[in-house]
Each structure stands twice: as C-alpha cells, then as structure tokens.
1. Consider the range 87-100. How many of its residues are at positive phi and either at pLDDT 95 or above or crowded, with 24+ Cβ neighbours inside 10 Å (or both)?
2. Which of the residues that make up the range 25-78 are in a loop (DSSP other than H, G, I, E, B), of a type in the set (A, V, I, L, M, F, W, C) and surrounded by 14 or more Cβ atoms within 10 Å (Cβ to Cβ)?
3. Which of the residues spanning the range 79-123 are part of a strand (DSSP E or B) and either of a type in the set (A, V, I, L, M) or out of contact with any helix residue (DSSP H, G or I) (no Cβ under 7 Å at 6 or more places or on another chain) (or both)?
4. Looking at Asn180 and the list (1) farther than 29 Å from Gln60 by Cα; (2) surrounded by 15 or more Cβ atoms within 10 Å (Cβ to Cβ); (3) in contact with a helix residue (DSSP H, G or I) (Cβ under 7 Å, 6 or more places away or on another chain); (4) not aromatic (Phe, Trp, Tyr), which single condition is not satisfied?
5. Which condition does Ala13 not pass, out of (1) of a type outside the set (S, T, N, Q); (2) crowded, with 18+ Cβ neighbours inside 10 Å; (3) within 20 Å of Ala124 (Cα to Cα), if it passes all the others?
6. Does Thr158 meet the test of being surrounded by fewer than 17 Cβ atoms within 10 Å (Cβ to Cβ) and more than 18 Å from the chain's Cα centre (by Cα)?
7. Specify which of the listed residues (Leu178, Leu204) is among the aliphatic types (A, V, I, L, M) and in contact (Cβ under 8 Å) with a residue 40 or more places away in the chain.
8. Being over 21 Å from Ile94 (Cβ atoms), touching an Asp or Glu at 6+ places or on another chain (Cβ under 8 Å) and at pLDDT 90 or above, is that true of even one residue in the range 124-146?
Amino acid sequence: MIILHGSHPIQSAAENRYDLGFSYLVDQLADAGYLALSMNVGMNYSFENGEPNGCQRTVQIVEQQSVLLKQAMKGKEGIFPCDLKNKGNLSQVILVGHSRADYDIFEVADQTEILGIQGLISTAPSLVSPLSGTPANVPAGIIIPQYDGDVTSLDGGTLFDQLENTPQRTSGTDIIYLENGNHGGFSTALVRPDPFADLDTLPLVMKPEE
C-alpha cells in the first residue's frame, strides 16, 4: 500500500512533511499485515529546482523509492530503518491518493515500470487537469467528504463519471459519500477545520478520529 499526499502549502519539500500526516494509517495497515508506506512527494508541488511539470516528479519519486524497496526486499540492508527482506510484493500494490494526489495515482499507475498496480483509492479528489491517458483497468474506490472545504466542487463525482465512461475499463468503480466528512480529516498534518470551509457547516463536521 503506497499513500501519496496532496499539494498543500509547501515552501520546502524537505520541511513540509505532509507524508507524516498518514502515519496513523501506515501503522494500522502494518498491524493488519500490509507493507505500507506514505511517500513525501512535496517536490512535485514546490518550485524547488524549477517549475514542476504535471505530476512527473511524483512518478519519478515513486519509481525511485520502488527501486529501493525492491533492493530491500531482496535483503539489502541500510536502505530503510526496518528489515524488509522477503516482505511485501511489488506486483500487488494499491495506490492511495489524497486531494491533488488522486490525479497522481492514476498517472503513476499508467507510467510505472516497476509496480504491479492492483487497485486505486482516491480520498477527497481534486482534479486540476484531465488524465493524460486511459485510466488503469483495476478496481477503483472514491471517497467524497460531504463538507469538503477545499474541493467544494466535490470532484470525486467527476472522477467517478470519467472512470465509468471509459470503455476500456472493465473493473469496478465504487464511490462513498462520507457524511459529515471534510477535506483535512484524512491527514493529521493538515489544518483543521478546512481553511475554506463554510462556517455554518463546522459544527456538523465529524471529529478527525471518526
């Protein structure tokens, strides 16, 4: 399970560690028997080393980290702070994206030369541009939080329609409308409540723990 964060305010990709906002989920997945990672893809959303091009940097980061994962799974030591020898299977990978990364996971699935993508999960999707290719023909799940104070257009519905209306896709697409959910509740690294939330709805938003 590989988790990618979105394009939240980023000055320095090294200092704005939004990947840490999914540590709770990584721990829960690990306890359930998954090899789970939350990757820092802040470089894709910053202007460090030149202006980013789409989500190409995200694809590069995921591929580079996957090379290291493959080495660690074969027994190479010193790459990660834990022993990954004979753990995980890079041919059975589920990508999870939040916010802008919900676009990125489809691009990673389309362009990866290392990972075998078996499923995609989009949480509070933000679609800023059309997908560049045909979406991967794997099961996809979409979660739309009711009171999304960031993506008020609830782009998950648009994404669902795109997937359902792609003739090449024969895999299922599920959509969940999360009542009383908001944009920032998925990540402990984000400002709560959503910075652009409708003040009238704030009392109705579920607690992040929920």
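The values are calculated or read from the model by the stated rules, or taken from the named source; none is laboratory data. Because the structure is predicted, anything quoted here is derived from the model rather than measured. Neighbour counts are summed over all protein chains in view; Cβ atoms, including those assigned to glycine, are modelled from backbone coordinates with ideal geometry.
1. Total satisfying the criteria: 1.
2. Result: Leu35, Ala36, Val41, Cys55.
3. Val93, Ile94, Leu95, Val96, Ile117, Gln118, Gly119, Leu120, Ile121 - these are the residues of the range 79-123 that are part of a strand (DSSP E or B) and either of a type in the set (A, V, I, L, M) or out of contact with any helix residue (DSSP H, G or I) (no Cβ under 7 Å at 6 or more places or on another chain) (or both).
4. Against the list (1) farther than 29 Å from Gln60 by Cα; (2) surrounded by 15 or more Cβ atoms within 10 Å (Cβ to Cβ); (3) in contact with a helix residue (DSSP H, G or I) (Cβ under 7 Å, 6 or more places away or on another chain); (4) not aromatic (Phe, Trp, Tyr), Asn180 comes up short only on (2).
5. (3)
6. Taking the combined requirement at face value, the residue does not satisfy it.
7. Among Leu178, Leu204, only Leu204 is among the aliphatic types (A, V, I, L, M) and in contact (Cβ under 8 Å) with a residue 40 or more places away in the chain.
8. yes
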